[in-house]
Each structure stands twice: as structure tokens, then as C-alpha cells.
1. Return the percentage of antiparallel bridges among DSSP beta bridges fully within region 149-350, rounded to the nearest 5 %.
2. Scan the chain and hand back the longest stretch that contains none of the GluC sites (Glu not before Pro) lying in DSSP loops with at most 10 other Cβ atoms within 10 Å.
3. Between helix 58-72 and the chain, what is the angle of the helix's C-alpha long axis to the longest principal axis, kept within 0 to 90° and rounded to the nearest 10?
4. In degrees between 0 and 90, to the nearest 10, how far off the longest principal axis of the chain does helix 81-96 point, with axes built from Cα atoms?
5. Treating the angle as unsigned and between 0 and 90°, give the value, to the nearest 10°, between the Cα long axis of helix 123-150 and the longest Cα principal axis of the chain.
6. State the antiparallel share, in %, of DSSP beta bridges confined to the chain, rounding to the nearest 5.
7. What ranking of TRP316, TRP237 emerges when the number of other C-beta atoms within 10 Å of each C-beta is taken as an exposure proxy, fewest first?
8. For region 129-166 and region 288-352, write down the distance between their C-alpha centroids in whole Å.
Amino acid sequence: METAFDYARYDRIRPIRWTGATLELLDQRRLPFEQEYLVCTSSDEVAAAIHALAVRGAPAIGISAAWGVVLAANEVEAGNGADAVRQLEPAMQRLNAARPTAVNLAWALARMRAAISVAGGDWREVMLHQAQAIAEEDLAANRHMGRLGAGLIAPGSGILTHCNTGSLATAGFGTALGVIRAGVVEGRINKVFADETRPWMQGARLTVWELQQDGIDATLIADAAAAHLMKTGAVQWVIVGADRICANGDTANKIGTYQLAIAARHHGVKFMVVAPSSTVDMDMASGEAIEIEERDQAEMHGIGSVRTVAEGITAWNPVFDVTPAGLIDAIVTEKGIVERPDSARMQALFGP
Ligand code: MRU
């Protein structure tokens with residue numbers, strides 16, 4: 001049974017706001033020093049915001065894309081849902097192309113497409129209801145996963161997390177960060193470490209700031225300090241989110257996750273992946289097939305607007321990697337937990 005949890009204290013930030021006419025996105029490029037909402041009035045502005053990381057995190061980009069479809073519908077004149085979908089398709093394709101790795105983007109668009117296409121003259125209401133439902137279900141999933149994941153953690157544990165998986169990356173509460181919030185409140189987690197998460201610095205700019213809003217202490221470490229931290233015995237779990245979980249449990253997440261999983265296994269530290277079922281892609285057999293986004297090398301040439309690298313240097317900037325299922329101790333979803341994931345265990349929870 002869900003006992004009262006103080007969400008007002010432990011979940012204060014909302015990165016996505018639908019006003020009824022526009023989509024407002026908390027511009028994550030400007031955090032932590034400026035809290036400015038970017039106002040999107042068209043689906044192409046939403047696609048551009050997703051591509052530029054004004055909004056980021058797998059569930060958050062799926063939810064934003066759903067609202068992007070609603071904005072695209074302003075340009076549509078259709079008497080039924082099937083006709084509306086035909087007209088919306090080009091805008092949906094452009095939204096889908098904004099980022100390739102997180103399956104939540106394609107998942108949300110497919111869900112919008114499916115709902116609208118079977119609607120009649122009421123397709124606009126059906127579309128609005130569907131976008132709202134995608135957001136509401138994500139928040140509910142995160143709250144549920146928080147409790148489920150925290151239940152795996154022994155009281156008094158230290159944890160390490162990577163990237164940002166919190167309210168900023170979701171409809172609210174977060175995936176891995178939701179487990180951390182619940183674990184701290186329940187007294188299971190007594191120490192939180194967060195990786196900087198180069199090159200975009202999601203950990204340094206977003207995660208430790210987000211936890212600070214809740215009054216949860218988090219210690220920032222350089223990504224390069226993670227294995228050494230594990231060797232000291234200070235952490236018992238690495239807890240991360242996911243951008244795509246394949247049918248065999250292989251998991252794409254922010255670049256650097258894979259090396260954390262290798263180091264964790266070496267040091268006897270457990271490794272937990274937390275993601276809603278919208279991140280599970282049972283149509284993709286293994287991580288081999290996942291498209292890994294490569295972003296502009298300019299993201300590697302400095303931090304913010306400060307250049308740190310000499311002119312003329314070439315950089316390689318893959319922004320996700322794949323952790324093989326064999327290095328994962330538990331995948332936590334709102335549908336349940338898959339321990340030591342493999343194809344059979346994934347199929348048991350997510351199969352038809
Ligand atoms: O490039 P980003 O910032 O969108 O990458 C985000 C991540 O990799 C997160 O860990 C993942 O999306 C899970 S967010 C709940």
C-alpha cells in the first residue's frame with residue numbers, strides 16, 4: 001500500500017508545462033543558474049528544443065513530442081482521425097528525427113498516432129487526452145518505481161548515479177533519481193554520489209542541483225573518480241536510468257554507464273537500471289542494433305561557453321553507450337523488477 005510520501009517536498013520541479021495553447025519547456029541548457037521556460041508554439045520548435053537538449057531525458061522527450069503533435073494539429077483541417085494522422089505524419093516524422101537513441105520518443109508518437117487514427121470527429125479531444133495521459137502515466141510510473149527500487153536497497157547504503165534521471169528528465173519524480181529520493185526518505189540510502197557526466201554535465205549542472213532543491217545532500221565526483229570511489233567501499237549500488245532496454249535486457253544509457261557497470265561488477269557493487277516500460281523495446285533483440293547518437297564535437301571543446309581545448313582538435317562525441325544485460329543486477333519498471341535480466345526473464349514481464 002502506498003503510504004503518504006511528501007511529494008511536495010521531494011518533487012518540486014516540472015520541466016514540461018502545457019498551457020492549453022503553448023508548450024513551455026524549462027530550458028535545461030541554462031540550468032542551474034537561470035530558470036527560464038522556452039515557449040514552443042509549433043511542433044518544429046518542439047523538435048528543435050529536443051535536438052538542442054533544451055528538454056532532455058528519455059521520458060521527457062517522449063512527453064514533449066506528444067505535445068508537439070498537439071501543436072502540429074493547429075495546422076490540420078480534418079473531419080476524422082485517420083485523415084488527421086495523414087496530415088500530421090510529416091510533423092511526426094520531424095519530431096521522431098530529433099534524437100535517435102531513446103525509444104520513448106518513437107513510443108509516444110506511435111501512441112498518439114494509434115489513438116488519433118481510430119477517432120472520429122472528436123479526434124482533437126482524443127489527441128489532447130492521449131498527450132495528457134502519457135504525461136500522467138509517466139509520473140505515476142516513476143512514483144511506483146521509486147518504492148519498488150528502494151525496496152532492493154539495504155538500509156545505510158551509499159549509491160552512485162550518472163547523468164540526470166530526475167524530475168527534469170521525466171514528467172516528475174524521476175526514474176533512478178526517484179529510487180534515490182524514496183531510498184533516502186526510507187533511510188535505506190545514507191550517501192549519494194553523482195557523476196559530473198561529461199561532456200554535457202547533466203550530473204553537475206542538473207542532478208546535484210535537483211537534489212539540492214529537495215534538501216538531499218549529494219556529493220559530486222568527476223566521472224574518472226567512479227572506480228576509485230567503488231574501491232573505497234562507499235557505495236553499494238550504482239543506480240541509473242535508461243534510454244532503450246532491449247528484449248535481452250541490454251540497456252542504452254548516457255555515455256559512461258557501460259564503464260560504470262564494468263567497474264561495479266569488479267568491485268562487487270550492484271547495478272540497478274530504473275525505467276518505465278515506455279523505455280522497453282521488445283522489438284529490438286539486443287543492444288547491437290541500437291543507434292547511438294553522436295553529437296557535435298563542439299560539445300567536447302569546452303564547458304558552457306568557455307573553451308578548454310585548443311583550436312583544431314578533433315573530438316568524438318557518442319552520447320550513449322550500451323551496458324550488456326549480464327552486467328545488470330536489476331531492471332526496475334512500473335510493471336515489476338527483472339533481476340539478472342536475460343531474454344526469458346524480459347519476455348516473462350514484457351512479452352505478449
Ligand atoms: O542526453 P540526455 O541528457 O537526454 O540523456 C539522458 C539519459 O541518458 C538518462 O539517463 C535517460 O534518458 C534516463 S532519464 C529518466
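Coordinate-derived values only; no laboratory data. Being a predicted model, the structure only gives us computed values, none of them experimental. Neighbour counts run over all protein chains shown; Cβ positions are idealised from the backbone, glycine included.
1. Details: 13 of 33 bridges.
Looking only at bridges with both residues in region 149-350, the antiparallel portion is about 40 percent.
2. Formally, the longest exposed-site-free interval is 78-310.
3. For helix 58-72, the angle is close to 10 degrees.
4. Rounded to the nearest ten degrees, it is 40.
5. The two axes meet at around 10 degrees.
6. On the way: 20 of 40 bridges.
Beta bridges within the chain, antiparallel portion: roughly 50 percent.
7. Details: TRP316 7, TRP237 27.
So the residues, fewest neighbours to most, are TRP316, TRP237.
8. If we compute the Cα centre of each part, the gap is 18 Å.
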